[in-house]
Amino acid sequence: MSPKTKKMKTTKKRTTTKTESHSPRLGWALGSGLAAAALGTWYLGQHDFPLWFCWVTNLSVVTLLVFGLDKLLARLQSRRISERALLGLSLLGGSPGALLAMPLFRHKTVKGSFRRAFFGILAIQLLGTALAWWLLRDGGVGVP
């Protein structure tokens, strides 16, 4: 039995298996990337950069690297990083990095369901940013 499968149930007729959806190493890699983004955000925030800018910048770099890693894993026909994880990184603020990584690595540029989800996330983020700018312009809402 390969390390990608777990033994589920044995009967007289057959043994069923379930394929694991991810590797524990990939989980550690994603967690480490998010921790690095948080640490970078804290560090840059200490030097008078806006925290939102630090977070988006650092998470974009992590997202770009994760997209590149997923493309490498695809070429090696190894376990992949789930689309849910890639979209999650984009949702958390890594959309600029994903937007740069897709054409750079020629990765996730054809699959329609991924593109729809990603560009939906991007549209919501852009609308949210525009709304926040509008509400906070000239000192913010309710500020005399």
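The values are calculated or read from the model by the stated rules, or taken from the named source; none is laboratory data. Because the structure is predicted, anything quoted here is derived from the model rather than measured. Cβ sites come from the backbone with ideal geometry, for glycine too, and all protein chains shown count toward neighbours.
Numerical summary
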quantity	calculated
Residue within segment 85-105 that is touching an Asp or Glu at 6+ places or on another chain (Cβ under 7 Å) and modelled with pLDDT of 85 or more present	yes
Sole exception among (1) of a type in the set (Gly, Ala, Ser); (2) at pLDDT 90 or above; (3) not in a helix (DSSP H, G or I) for residue 60, by number	(3)
Top-ranked residue in segment 106-129 [being modelled with pLDDT of 90 or more and in contact with a Lys or Arg (Cβ under 8 Å, 6 or more places away or on another chain); ranked as surrounded by the fewest Cβ atoms within 10 Å (Cβ to Cβ)]	115
